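Data first, discussion second: the structure below is written as structure tokens.
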Amino acid sequence: MKPTRTWRAAMASSCALALIAPFALAQEAPSQDDALKLTSVTVTATKREENIKDVPVSLTSLDETALATYGQAGEDIQFLTARVPSLIIETSFGRIFPRPYIRGLGNTDFDFNASQPVSFIYDEIVYENPVLKGFPVFDTARVEVLRGPQGTLFGRNTPAGALKFESVKPGDELDAYARASYGTFGTTNVEGAVGGPVSDKVSLRLSGVLQRRDDYIETALPTGGADAGGYEDFAWRAQAKVEVTENLTWLGNLHGRTLDGGQVSFQANAFQTGSAGPRPGFDREKNFADAQDDATLETDALGFTSRADWDLSAATLTYLFGYETVETFSRGDVDGGAGAGFLPSGSTPGFIPFPAESADGIDDHQQITHELRLSNGEDADLRWTAGLYAFNEEIDISSRSYNTLAGGAENGTAFQTQNTDSLAVFGSLAYDLTETLTGQVGLRYTDESKDLTARRTLSPFGAPAIAPPTVNVGDEQLSWDASLTYALNGETNVYGRIARGFRAPSIQGRLVFGDAITTADSEILDSYEAGLKTTLLDGRLDANLAAYTYTVEDLQLTAIGGAGNFNQLLNAEQGKGYGFEADIRALLMEGLAFSAGVSYNNTEIDDAGLTVGVCGAPCTVLNAIDPVTGGALIDGNAFPQAPEWIGNFAFDYTRDWRGGEIFASTDWSYRSDSNIFLYESTEFTAEGRWEGGAALGYRKGPWSAKAFVRNLTDEIGTVSAIDFNNLTGIFNQPRIYGIELGWTM
């Protein structure tokens, strides 16, 4: 049942009260001894280990406990959505190809060579391809969400920000853990790791996760058909740390993933013309896809990371090498229904003008990165880093369409081959100007080029085969940042930061349904940010606040779907954004911890003459229509998938009992409404929603057991949509109950 507006308002009030509760309660709290203090948070946002309070960037760090809680029901990386301020992740591919947005800035492109303005960095290696970014989160020490341009140290394609994933590394002492859960729909999550020294010089760590779910979405056709929603996802990591000499340390990381299933279930006519949100009577556990029998998602990924650190006494020389490869194939019944409007039998459910079944695959892929950097000591008054960076990616993509009415025969085929080369030199300086004032500057020069060749061998519309020449794009850009941090006292820092980031030029050559190869010029983002980071109440409360504004010149946009089912790149003259972020964590009393975050992100497309194609489905377009192009005028629209409000809060409670410990937790997140496409429409809106979870358990010694529930209220939320055929929707995961057993050495 969908929550009422009154219930939503009550939850919004609860979140607001939760944010101020620690301040109110703490005024009357008795003084505590030193044991009741928050532990400090160490991050590597500047490629150095620093206290989060000393980093002049708006960022949030999620530790392994929070990550295990949010992902415990076999969730993919989308579980990070709204768990920190200003972050949204969505997809139309299921357990692969996450599309991230920070401060409203992202990319709705669904092709496998899509560029994104949010970078994913796994153990210091950039995962550029969107499929690589879906790697499961397990045995992870923390995830750092860096907001705003990160172009100086982390390169191009980071104007919105970056997500840094830090796995648990091999240690000097033996440690291990294992946990297994089972829940609704056969949802299974088995995860474990073991690590420690094998000699005086060598330490190893092995870890892995297996996630699976039974098919739970019934294909509700009289003729039957395969059910949907199930998957089996296995990922692993093997690491070795070697003390080669007293001054040289090497860390190797071999990792891989095999996924079968987990594709999106497209729900035909999930919306009602003239209304937002799922239509009356909608059931996300039923679909009517007549080509569900052929739906497929298979992914195999393999990678290797090598890091060598050479202590030169006055500085440290670091060399990073990364190799990643991935293959994937996804086929789906995109119209999500059965039949067609022109058939005597009609179509189900509701009107579907024609069947649409398509597939995309990465047939061959490799990504190679090199980074060489030199850094001095972390305790020096002048701290510096200088480095060189090289990146190459080669990818072969195939796209296909099928005629469902002809037994699924292939009727459209196209191919893309893209090669990307990027070279950069970068440096960063931080200097303690006084005992309380620190200045920091950074600069990065990047030279990037892309070559793409696309061809079509078969057209679903009977158009001839085409093989256009190779298209080349490239650019040279400077990214930079400058900041000042002032220590008001030993507990509070204020900072100001200006930064420039850019996203490299993009090419799109998806020719199954069209003849055009489109390109987009580099987008340049200038950001201004001010913030405060403080520890209060004798170490029992941390608070971080930031306000920002940015402009994007030549904003890269992707016009997807519409009546022609195209995927085309374009530049808007400018995009604008402003807002604020706040997060806190607190110890309210012994055994009771609290955390919360909230953000406001206002975005706007600024281009008076820019138009895009509108829905082929019967939707209600709210923008003015250009009489010449027939497209929607989108000047003034918010960016797609950019909710203004994001909020979250969590409580964790522990209490000693019978030689062990009872623990309980609850966490909630909220996102407000947002447009799904570049144009505004009543139907294609990702409506605001709350999602929450809870757990109750007991641990004694190394053992623990708990019961949990995710999406506790069984909220139905729109994740994405397809607008060219009918009112097709893509929705969030249902409520999952389960139990988990755990063991920790």
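With Ser399, Ser375 as the choices, which residue is crowded, with 20+ Cβ neighbours inside 10 Å and touching a residue at least 60 places away in the same chain (Cβ under 8 Å)? Break it down stepwise before answering.
Numbers: Ser375 fails: crowded, with 20+ Cβ neighbours inside 10 Å.
Ser399 is the lone residue from the list that is crowded, with 20+ Cβ neighbours inside 10 Å and touching a residue at least 60 places away in the same chain (Cβ under 8 Å).
Checked against (1) open to solvent by less than 40 Å² (accessible area, probe 1.4 Å); (2) under 23 Å from Gly609 (Cα atoms); (3) not charged (D, E, K, R); (4) not in a strand (DSSP E or B), Ala516 passes all but a single condition, namely (1). Somewhere in region 684-705, is a residue under 23 Å from Pro353 (Cβ atoms) and open to solvent by 10 Å² or more (accessible area, probe 1.4 Å)? Yes, region 684-705 contains at least one residue that is under 23 Å from Pro353 (Cβ atoms) and open to solvent by 10 Å² or more (accessible area, probe 1.4 Å). Being open to solvent by 30 Å² or more (accessible area, probe 1.4 Å) and over 24 Å from Arg103 (Cα atoms) is a property that Arg710 lacks. Mind listing whichever residues of region 237-275 are more than 26 Å from the chain's Cα centre (by Cα), not in a loop (DSSP other than H, G, I, E, B) and not aromatic (Phe, Trp, Tyr)? Of everything in region 237-275, those that are more than 26 Å from the chain's Cα centre (by Cα), not in a loop (DSSP other than H, G, I, E, B) and not aromatic (Phe, Trp, Tyr) turn out to be Ala240, Lys241, Val242, Glu243, Leu248, Thr249, Leu251.
The condition (being free of Cβ contacts under 8 Å to residues at least 40 places away in the same chain, among the hydrophobic types (A, V, I, L, M, F, W, C) and either out of contact with any Cys (no Cβ under 8 Å at 6 or more places or on another chain) or surrounded by fewer than 21 Cβ atoms within 10 Å (Cβ to Cβ) (or both)) is satisfied by just one residue among Ala340, Ala380, Ala386: Ala380.
Condition check ((1) open to solvent by 60 Å² or more (accessible area, probe 1.4 Å); (2) β-branched (Val, Ile, Thr)) across all residues:
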| residue | (1), (2) |
| --- | --- |
| Lys286 | yes, no |
| Asp294 | yes, no |
| Asp300 | yes, no |
| Phe304 | yes, no |
| Ser313 | yes, no |
| Leu317 | no, no |
| Thr325 | no, yes |
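The C-beta contact set for region 491-510 (first residue closer than 30 Å to Ser399 by Cα, second residue among the charged types (D, E, K, R) and crowded, with 24+ Cβ neighbours inside 10 Å, distance under 7 angstrom, 6+ apart or interchain) comprises Phe502/Arg156; Phe502/Glu523; Arg503/Arg156; Arg503/Glu523; Ala504/Arg156.
Within this structure, Arg444 fails the test of being more than 30 Å from Thr305 (Cβ to Cβ), among the charged types (D, E, K, R) and either at pLDDT below 95 or in a strand (DSSP E or B) (or both).
Taken together, Glu476, Glu529 contain a single residue that is outside any loop (DSSP other than H, G, I, E, B), over 21 Å from Val57 (Cβ atoms) and at pLDDT 95 or above, which is Glu476.
Do the conditions hold for Pro355, that is, is it open to solvent by 20 Å² or more (accessible area, probe 1.4 Å), part of a loop (DSSP other than H, G, I, E, B) and touching a residue at least 60 places away in the same chain (Cβ under 8 Å)?
Details: open to solvent by 20 Å² or more (accessible area, probe 1.4 Å): yes; part of a loop (DSSP other than H, G, I, E, B): yes; touching a residue at least 60 places away in the same chain (Cβ under 8 Å): yes.
When the stated conditions are applied, Pro355 passes them.
Taking the stated definitions as given, is Arg456 under 27 Å from the mean Cα position of the chain (by Cα), of a type outside the set (A, V, I, L, M, F, W, C), in a strand (DSSP E or B) and buried (at least 20 other Cβ atoms within 10 Å of the Cβ)? So Arg456 does not fit the description; no.
Against the test of being open to solvent by less than 30 Å² (accessible area, probe 1.4 Å), outside any strand (DSSP E or B) and small (Gly, Ala, Ser), the options Gly575, Gly539 yield a single qualifying residue, Gly539. So for region 423-438 (the condition being of a type outside the set (A, V, I, L, M, F, W, C), open to solvent by less than 10 Å² (accessible area, probe 1.4 Å), in a strand (DSSP E or B) and at pLDDT 95 or above), does at least one residue qualify? There is no residue in region 423-438 that is of a type outside the set (A, V, I, L, M, F, W, C), open to solvent by less than 10 Å² (accessible area, probe 1.4 Å), in a strand (DSSP E or B) and at pLDDT 95 or above.
The values are calculated or read from the model by the stated rules, or taken from the named source; none is laboratory data. Please read all numbers here as calculations on a predicted model, not as lab measurements. Note that each Cβ is placed from the backbone with ideal geometry, even for glycine, and that neighbours are counted across all protein chains shown. With ligands, DNA and RNA removed, areas are computed over all heavy atoms of the protein, side chains included. Shrake-Rupley method; radii C 1.70, N 1.55, O 1.52, S 1.80 Å.
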